[in-house]
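Report on the following structure.
The values are calculated or read from the model by the stated rules, or taken from the named source; none is laboratory data. Only a predicted model underlies this, so the values are computations on that prediction, with no experimental measurement involved. Virtual Cβ from ideal backbone geometry, glycine too; neighbours counted across all protein chains shown. For the accessible areas, the whole protein counts, side chains as well, though only heavy atoms, and no ligand, DNA or RNA atoms are used. Shrake-Rupley method; radii C 1.70, N 1.55, O 1.52, S 1.80 Å.
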Amino acid sequence: MTTTVPTTADDLSLWPASTTEDAHGARAVGGVDLAQVAAEFGTPVYVLDQGEVRERCRMYRHAFPDGDVLYAAKAFLSQAVVRWMDEEGLGLDVCSAGELELAVAAGFPPDRIVLHGNAKSPQDLAAALRLGVGRIVIDSPSEIARLAAAVRDGSQKIMIRVVPGVVAGGHAKIRTGTDDQKFGLSFTDGQVHHAIARVLGQPRLALTGLHCHIGSQITDVEPYIVAVRRMVGLMARVRDTHGVVLHELDMGGGHGIAYRPGDATLDVTALARALRAELTESCTAARLPVPRLLIEPGRAVTGPAGIALYRVLAVKRTGARTFVAVDGGMSDNPRPALYGVRYAPRLIGRHSTAGPSTATVVGRHCEAGDVLAADAALPGDIRPGDLLAVPVAGAYHLSMASGYNLVGRPPVVAVDKGRSRLLVRRETLADFQARDVGR
Ligand SMILES: *Cc1c(COP(=O)(O)O)cnc(C)c1O
């Protein structure tokens with residue numbers, strides 16, 4: 001079976017804007033030759049184009065000039081990313097004491113951080129209060145009294161996570177806008193009204209607004225518009241019932257990006273325009289002041305800025321199939337196994353004149369489901385020792401990575417203006433042994 005290898009232009013659409021390729025197949029990102037990165041830091045290795053991350057932050061700030069853009073830290077977080085977000089004027093959205101402590105230790109202003117989580121631990125809440133996070137998003141009824149009791153002096157600003165009843169998102173496991181999943185308080189069964197009433201009765205909690213996050217990998221503007229309309233409806237009801245006008249509306253993230261040539265992406269500028277128009281219209285109709293808009297992109301900020309580099313370890317031709325096995329896999333990228341995501345890996349570092357063929361790119365782990373790309377278009381002469389690059393690897397890879405098979409999580413190398421710099425070192429056997437304390 002053969003397919004056409006995507007044209008270079010088509011292929012490059014997934015890659016950072018700084019990507020270049022010469023006639024010998026040498027591909028560079030941020031002015032740094034990727035084969036050079038692999039040689040210097042070993043494989044697998046993750047490359048993050050600092051300029052691309054920053055450019056994406058600027059694009060968001062430009063699209064939402066009078067709103068707050070919060071980067072969803074769970075997509076990928078490190079000290080350097082924290083610093084870039086701070087310098088680009090973004091806020092941060094965190095889901096645990098760990099993400100929160102890392103950000104604050106790296107110098108991020110806590111008042112620009114929002115804490116989420118459907119099941120916040122006592123440690124999460126204690127860290128949030130001790131460090132002074134800007135907002136805590138209430139996600140369950142029991143959290144209200146727990147949080148109120150923990151606030152020592154003054155009051156804590158909070159939002160309430162609402163399930164607006166909107167179906168959106170690229171896969172059932174990343175849909176969070178409807179009542180049949182664990183996040184948020186339901187519109188339909190009255191839970192959210194109950195929670196709002198209880199929060200308003202707590203002098204230690206200051207409700208600033210409402211939050212929703214309807215899913216991930218959403219490529220249409222429409223679900224967001226439906227959600228905004230419902231959220232404004234709820235804000236009007238809060239005003240009518242309690243005489244309280246809320247001044248913030250957080251519409252979450254979930255902005256879809258392309259993983260393979262031809263995949264749909266969400267047009268962020270169109271989203272911003274449509275959100276603003278709908279918000280103005282709905283608020284005018286409800287005679288409400290237009291609230292400050294917050295958004296929380298994660299994937300769309302760092303995803304397209306990352307490249308995973310793997311070394312081919314084995315090529316196995318069985319019947320009609322060619323398996324190309326690389327030196328990483330589900331321990332550094334669990335997304336294919338979790339959501340059935342497929343990537344567009346590409347041979348780099350040498351120019352091949354062999355015709356294209358379809359290969360199944362698999363990882364090195366002891367699971368048949370450890371498949372990185374089921375139908376990758378690679379040159380027919382792909383062989384052990386070759387380098388494969390997987391674009392769009394900057395979000396939800398390393399942040400979801402595991403210690404499976406004690407392979408060790410790969411390092412992260414930032415590239416920018418012709419220079420490379422280690423951000424996160426490789427996890428070693430010594431790291432595993434250090435944790436293994438019983439005998
Ligand atoms: C995961 C998450 C986001 C970011 O989602 P992306 O798909 O990465 O944009 C934003 N807000 C909340 C509450 C989330 O859980």
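Efficiency by 1/(1 + (r/R0)^6): what FRET value for Thr280 and Ala26, r their Cβ-Cβ distance, R0 = 30 Å, to the nearest 0.05?
0.05
Relative to a virtual label point 7 Å from the Cα of Gln181 in the Cα→beta-carbon direction, which members of the range 244-260 show backbone nitrogen distances below 12 Å?
Residues passing the 12 Å test: 253-255.
Please report the antiparallel percentage of DSSP beta bridges with both residues in the chain, rounded to the nearest 5.
Percent antiparallel among DSSP bridges in the chain is about 50.
In whole percent, what relative contact order does the range 64-297 give with Cα contacts below 8 Å and a gap of six or more residues?
Here the relative contact order equals 18 percent.
Would you please state which residues of the range 313-327 a label at Ala374 would reach in this model, taking the label point 7 Å out along Cα→Cβ and a backbone N cut-off of under 16 Å?
The answer is 321-324.
Across the range 64-297, how many lysine pairs, 8 or more positions apart or on different chains, have C-alpha atoms separated by under 17 Å? Please give the number.
Final tally of qualifying lysine pairs is 5.
Tell me, what is the FRET efficiency for Arg239 and Ala270 to the nearest 0.05, using R0 = 41 angstrom and their Cβ-Cβ distance as r?
Working from the Cβ atoms, E equals 0.85.
Using a basic spin-label model with each label point 7 Å from the Cα along Cα→Cβ, how many nm lie between Arg130 and Arg287?
Rounded to a tenth, the inter-label distance reads 4.9 nm.
Among DSSP bridges having both ends in the range 64-297, what percentage is antiparallel? Round to the nearest 5.
Bridges in the range 64-297 that DSSP calls antiparallel: roughly 5 percent.
So, R0 is 25 Å and r is the distance between the beta-carbons of Ala119 and Arg435; what FRET efficiency does that work out to, to 0.05?
FRET efficiency, Ala119 to Arg435: 0.55.
Please list, in order along the range 139-147, the HN-Hα scalar couplings obtained from phi with the Karplus expression 6.51 cos²θ - 1.76 cosθ + 1.60 (θ = phi - 60°), rounded to whole Hz, x for Gly and Pro.
10, 8, x, 5, 5, 4, 5, 4, 5
Check each of the trypsin sites (Lys or Arg not before Pro) in the range 111-156 and keep only those in coil by DSSP with at most 15 other C-beta atoms within 10 angstrom; list them in order.
Arg152
For the range 64-297, report the accessible area per residue in Å² (1.4 Å probe, heavy atoms, rounded to an integer).
40 Å²
Just the number, please: carbon plus sulfur as a percent of the accessible area of the range 145-205, 1.4 Å probe, no ligands or DNA/RNA counted.
The nonpolar share, carbon plus sulfur, comes to 50 percent.
Got a number for carbon plus sulfur as a percent of the range 295-382's accessible area, 1.4 Å probe?
It is 52 percent, rounded to a whole number.
When only Cα pairs under 8 Å and 6 or more residues apart are kept, what is the percent relative contact order across the chain?
Here the relative contact order equals 21 percent.
For the chain, count all C-alpha to C-alpha pairs, find those more than 38 Å apart, and express that count as a whole percent of the total.
Considering the chain, 26 percent of its Cα-Cα pairs are separated by more than 38 Å.
Evaluate the distance, in nm, between pseudo-label points positioned 7 Å from the Cα of Ala149 and of Ala172 along their respective Cα→Cβ axes.
Here the answer is 3.8 nm between the modelled labels.
What does the charge add up to near Gly408, with Lys and Arg as +1, Asp and Glu as -1, over the other residues with Cβ less than 15 Å from its Cβ?
So the surrounding residues net to +1.
Would you kindly derive the ³J(HN,Hα) couplings of the range 48-57 from the backbone phi angles with the Karplus curve 6.51 cos²θ - 1.76 cosθ + 1.60 (θ = phi - 60°), listing them in order in whole Hz, with x for Gly and Pro?
Karplus-based 3J(HN,Hα) across the range 48-57 equals 10, 7, 4, x, 5, 4, 5, 4, 5, 4 Hz.
Can you give me the C-alpha center-to-center distance between the range 91-145 and the range 269-339, rounded to a whole angstrom?
A separation of 23 Å, based on Cα centres.
Loop only per DSSP, at most 15 neighbouring Cβ atoms within 10 Å: give me the trypsin sites (Lys or Arg not before Pro) in the range 276-314, ordered by residue number.
Passing sites in the range 276-314 are Arg287.
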